[in-house]
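A short write-up of the structure that comes next.
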């Protein structure tokens, strides 16, 4: 019964996604059955849209910056959490991981009030990037926590005993051993930022990200097949990135000699 429940749950969750390529290759403009015929013209139309290219460039820029900053912050937080004891550590880690459980609509509204009313900053891609760092950092911390926990502290102590200082020990010993976790955290953070809509919708200015641009196209029924084609490409890229991140995670555990107890998702 449990296996049947899991199968039905996954089918209910992912069956709508499987319809994306079906209608992306459909020759008709109406998203409904029966299908009219096979075509690839919706994919070619994506290459002629300058607005789509600009939105994609905005999303890639925001995702790259947010993922790098999130991993740098997550690296420091995970290192401190695993290796050191200090007053208020549990409270600090709880605050860092809080965006994981808060509804995004609440986070987006709060950030909009802070940015516009308190700091009086204009809404730009920088505000979206800062907000994405906030929501991506907990995922990076969760992944890097596992990487640092799998690292034997005796290796760092041996390097220090042999004459290395703490900076060179971190650069030559610690960093290469946790690099698979860093790569996995980068890929996960990049995917989360690239797909995020609610916060980007609230904080974007005149330069929309790709999800916000896709939402704006929903008002034009004739462009829905183009959205289906674009969604098909995004789903494939997301699956490939997540698979690469999971492969890096497993490779890191295998190098550290730690038993794999399941994926980080």
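Of the residues 194, 217, 242, the single one that is within 26 Å of residue 111 (Cβ to Cβ), in contact with a helix residue (DSSP H, G or I) (Cβ under 8 Å, 6 or more places away or on another chain), modelled with pLDDT under 80 and surrounded by 15 or more Cβ atoms within 10 Å (Cβ to Cβ) is 217.
Identify all residues within the stretch 100-131 that are assigned to a loop (DSSP other than H, G, I, E, B) and in contact (Cβ under 8 Å) with a residue 40 or more places away in the chain; write none if there are none.
Within the stretch 100-131, the first condition is being assigned to a loop (DSSP other than H, G, I, E, B), and the residues that meet it are 101-103, 119-124.
The answer is 122, 123, 124.
Only one entry in 80, 4, 65 is within 30 Å of residue 133 (Cα to Cα), modelled with pLDDT of 85 or more, more than 19 Å from the chain's Cα centre (by Cα) and in a helix (DSSP H, G or I), namely 80. Looking across the stretch 24-44 at every residue that is at pLDDT 80 or above and in contact with a helix residue (DSSP H, G or I) (Cβ under 6 Å, 6 or more places away or on another chain), the one that is farthest from residue 224 (Cα to Cα) is identified as 43. Scanning the stretch 23-54 for residues that are part of a helix (DSSP H, G or I) and surrounded by fewer than 18 Cβ atoms within 10 Å (Cβ to Cβ) gives 41, 43, 44, 45, 46, 50, 51, 53, 54. When residue 178 is tested against (1) touching a residue at least 24 places away in the same chain (Cβ under 8 Å); (2) exposed (fewer than 13 other Cβ atoms within 10 Å of the Cβ); (3) outside any loop (DSSP other than H, G, I, E, B), exactly one condition is not met: (2). Of the listed requirements (1) in contact (Cβ under 8 Å) with a residue 24 or more places away in the chain; (2) more than 20 Å from residue 185 (Cα to Cα); (3) surrounded by fewer than 18 Cβ atoms within 10 Å (Cβ to Cβ), residue 57 misses just one: (1).
Scanning the stretch 197-214 for residues that are under 18 Å from the mean Cα position of the chain (by Cα), surrounded by fewer than 21 Cβ atoms within 10 Å (Cβ to Cβ) and in a loop (DSSP other than H, G, I, E, B) yields one hit, 197.
For the condition at pLDDT 85 or above and more than 30 Å from residue 173 (Cα to Cα), what is the one hit in 99, 87, 16?
Working: 87 fails: more than 30 Å from residue 173 (Cα to Cα); 16 fails: at pLDDT 85 or above.
Answer to the check: 99.
Out of 4, 76, one residue alone is free of Cβ contacts under 8 Å to residues at least 60 places away in the same chain, under 23 Å from residue 186 (Cα atoms) and loosely packed, with under 15 Cβ neighbours inside 10 Å. It is 76.
Got at least one residue in the stretch 145-153 being more than 23 Å from the chain's Cα centre (by Cα), in a helix (DSSP H, G or I) and closer than 28 Å to residue 173 by Cβ? Yes.
The values are calculated or read from the model by the stated rules, or taken from the named source; none is laboratory data. Everything numeric here is computed off the predicted structure, so don't read it as measured data. Note that we place each Cβ from the backbone using ideal geometry, even for glycine, and neighbour counts take in every protein chain shown.
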